[in-house]
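Colleague: Here you go, one structure.
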Amino acid sequence: MKCEKCGTNHNDEVKFCSKCGSELQNSADEQPTTESESKPETAVKEESETKPETAVKEESKSSSESKSKESPKANSKAKKDVVVEKKQISGWFWVVGVIVIVVILALGTLFISSEGANRVEMYRHLLHGDRFLEELDYEQAIMAYEEAISIAPRKPEPYIALAEVYIEMGEYDEAIRVLQEGIKETHSSRLENYYAELMDELRGFVGVVYSSDADFDDGNNRPIEGVQVVITGTDNKAVYTDLNGEYVIDHLTTGTYTLTFTADGYISYMTEITLGDERCNIDAVLEPDTYSTMQGSITIADEDTNYGNNVPLSGAQIHLKKLTGTSPYEGSTTTDANGEYVFENLMVGMYELTVEKEGYQTTRQNVAVYAGQEICYNTMLEIFPVGWEGQGTASGIVYDAVTGYGVEGLTLNIRSGINQLDGEIVNSVTTNFDGTYVTPELQSGNYTIEILDEREYAAEKYLSNVINIKVLGNMDIPNQDGVVSTTMLSGQVRIVLNWGENPQDLDSHLWCSLDSGDMGHVYYSNSYFYIDEMRIADLDLDDTDSYGPETTTIYTPDAGIYTFGVHNFSGDYEEGLMNSGATVSVYLENSAAPAYVFNVPAESGYYWEVFSYDSTSQTLTPINRVDFYYDSAGYDEGYNEPYYEEDYYNDGFDNSTYYEEEYYEEEYYEDEYYEEY
């Protein structure tokens, strides 16, 4: 160790220089920061004792002043403490940061793990869907792909798979819908490209071609097979409709096209359409190439439901307008001296007939013209004089067509006009416990009652039907009855006959001529037709005291021809049937309303041959002819009932069993009867 004052070398253990007595300092030791620290404790003590008090005070003062000033080393130490404190704070930030990063990584790992699980589950359902698709089980395939979409709604694969199922099924509109939904959810360019390619392929026309019919319900129109559909325009093509009346014309460019629909037995139909980037659905309704003549009569309204005593109304203006189909029609005519009118060359469909004459209320009626119906005999219309204005009521009973009992709880919606099933409902009532009803006060005129079964508690529902009623001021017109029918099985036919007060007794007759050779005649004297315990047809309900209903049902329509007719059993006079106001309503299978409604023609006679029905083709052919006898050609002699024999009509009923002496003696010529007069 070397003395810093004189330079003499010493061992490391020596503390004071042997030559000059100075304190030796080891270079490895830290330099003292103050003078007092550099001296030994004894030396300091001795020094303090040897110095005068004032010197000590001054030194103390000087020492305190020097301490008050920070030396560089002291300042460095303070800064060092601050750095340590900052390092401690920074350390906490690092700890928190690490924790946050760990949490984020954990959540990310969890998300990635969940995403991976969803992807696996999605592909599992896609594989199931592919397997169902191979088995042509489209329903299960659709369910599997929809489940895949619900698991991974932002993945394009399930949408493409589901769209391909609908494409294979031919349901292109559904495929387009699925792809559009997928593009909205995923924003996938893959889906957008797939959609664009599909639309390029599908761009064109699709649709169904139907046959026009005689009602307002487009849902029951029959599709037509073999219709030629020709398009002309930017591209020219032609196709034919299939068994379901459907056609497809695709791979077209955008532009304006003319579509022409042509089929044997129908009037051609043409329309012009502008085709854009999407598939265009164009359905068509073709009018059967058959024409009918409508005949009817207008009378002045009276106070009863017997049409035989009404006075004809001549000079009334009749307007006719077609309401359905693709071929418009409007025409006008005037009633003759007998109140009769005629319209010719009418196509199938629903028409609105309007009757106007000064001094009378305007009356409107909807009339149906059916295919193959050469003559449409419209019901007799009663027109109300203006002087009969005022409020009145109508009443009647709604019967079960099979049991003949009144039906409770049915809803009756009332509209102005005849056969009006659309438009404003002016009032509603409900049938009583016995099926009776009374309308609220209504203005004089013709009304339609729509019968609906809206009962919540009913085990079996009735099909809807209508009653055409009339109302006169300051009175009630009774016996304006209606019938309802329950749902029938496939192929069954129900026939309901109604009429007015006179004649008292009209009878239903059904002739059954089966391909097997079996024959049957269902009427009041033989109310059922069975073959080997199988019920073919029944007269479910017979009525002998005016109004009806009489109901006949074909329960098991074996292959053959069924012909229905009505006979005026009362035989009162030649015009009795034509003035009866009789109607025949025909229900086919589960029709919610009559498929056909026939009104008795304004022709003299005793027998009304209404229609024939081919059960094999399920085709009803209207006949609607009144005559004095029934032509029984094609039936065995057992069908010629006495009241159909020719001499019955020609000889004034002399040879009829109906007019035997015994009948008159018992019923009309007894002494007691004449004593009253």
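The values are calculated or read from the model by the stated rules, or taken from the named source; none is laboratory data. Keep in mind it's a predicted model, so treat the numbers as computed, not measured. Cβ placement follows ideal geometry from the backbone for every residue including glycine, while neighbour counts extend to all protein chains displayed.
Colleague: Is it fair to say E278 is under 30 Å from the mean Cα position of the chain (by Cα) and in a strand (DSSP E or B)? Explain how you work it out, then say what you get.
Modeller: Values: under 30 Å from the mean Cα position of the chain (by Cα): yes; in a strand (DSSP E or B): no.
Considered against the rule, which asks whether it is under 30 Å from the mean Cα position of the chain (by Cα) and in a strand (DSSP E or B), E278 comes out as no.
Colleague: If you don't mind, there's one more thing I want to ask. Being under 19 Å from Y547 (Cα atoms) and surrounded by 19 or more Cβ atoms within 10 Å (Cβ to Cβ): is that true of Y399 here?
Modeller: Yes, satisfied.
Colleague: Please verify whether N479 is crowded, with 21+ Cβ neighbours inside 10 Å, within 30 Å of E389 (Cα to Cα) and modelled with pLDDT under 90, treating the condition exactly as stated. Full working, then the answer.
Modeller: Values: crowded, with 21+ Cβ neighbours inside 10 Å: no; within 30 Å of E389 (Cα to Cα): yes; modelled with pLDDT under 90: yes.
Against the criterion (crowded, with 21+ Cβ neighbours inside 10 Å, within 30 Å of E389 (Cα to Cα) and modelled with pLDDT under 90), N479 does not qualify.
Colleague: Still on this structure: At least 2 residues that are touching a strand residue (DSSP E or B) at 6+ places or on another chain (Cβ under 9 Å) and surrounded by fewer than 17 Cβ atoms within 10 Å (Cβ to Cβ) in each: list the strands (runs of 3 or more DSSP E) lying fully within the range 512-603 that qualify.
Modeller: Numbers: elements: 519-522, 528-531, 534-541, 550-554, 560-568, 583-588, 596-599.
Result: 528-531.
Colleague: Within the range 224-252, track down each residue that is at positive phi and in contact with a Phe, Trp or Tyr (Cβ under 7 Å, 6 or more places away or on another chain).
Modeller: Within the range 224-252, the subset at positive phi is 226, 233, 245, 251.
Of everything in the range 224-252, those that are at positive phi and in contact with a Phe, Trp or Tyr (Cβ under 7 Å, 6 or more places away or on another chain) turn out to be G226, G233, G245.
Colleague: Among the strands (runs of 3 or more DSSP E) confined wholly to the range 199-258, which include 1 or more residues that are of a type in the set (G, A, S) and out of contact with any His (no Cβ under 7 Å at 6 or more places or on another chain)?
Modeller: Details: elements: 205-211, 228-232, 237-240, 246-249.
Output list reads 205-211, 237-240.
Colleague: Of the conditions (1) surrounded by 10 or more Cβ atoms within 10 Å (Cβ to Cβ); (2) modelled with pLDDT of 85 or more, I101 satisfies every one except a single condition; which number is it?
Modeller: Of everything listed in (1) surrounded by 10 or more Cβ atoms within 10 Å (Cβ to Cβ); (2) modelled with pLDDT of 85 or more, I101 misses just condition (2).
Colleague: Testing Y195 on (1) buried (at least 16 other Cβ atoms within 10 Å of the Cβ); (2) outside the structural domain of M143 (by TED's automatic domain parsing); (3) farther than 25 Å from Y370 by Cα, one condition comes back false. Which one is that?
Modeller: (2)
Colleague: Please go through the range 288-310 and give me each residue that is within 32 Å of the chain's Cα centre (by Cα) and either part of a strand (DSSP E or B) or surrounded by 21 or more Cβ atoms within 10 Å (Cβ to Cβ) (or both), ordered by number. Before the answer, list the steps.
Modeller: Step one: list which residues in the range 288-310 are within 32 Å of the chain's Cα centre (by Cα), which gives 288-290.
Answer for the range 288-310, where residues must be within 32 Å of the chain's Cα centre (by Cα) and either part of a strand (DSSP E or B) or surrounded by 21 or more Cβ atoms within 10 Å (Cβ to Cβ) (or both): just P288.
Colleague: Let me ask you something else. Would you list the strands (runs of 3 or more DSSP E) that sit entirely within the range 425-470 and hold 1 or more residues that are crowded, with 21+ Cβ neighbours inside 10 Å? Let's see the steps before the verdict.
Modeller: Values: elements: 427-430, 436-438, 445-452.
Output list reads 436-438, 445-452.
Colleague: R494 fails exactly one of the following numbered conditions: (1) of a type outside the set (V, I, T); (2) surrounded by 21 or more Cβ atoms within 10 Å (Cβ to Cβ); (3) part of a loop (DSSP other than H, G, I, E, B). What is the number of that condition?
Modeller: (3)
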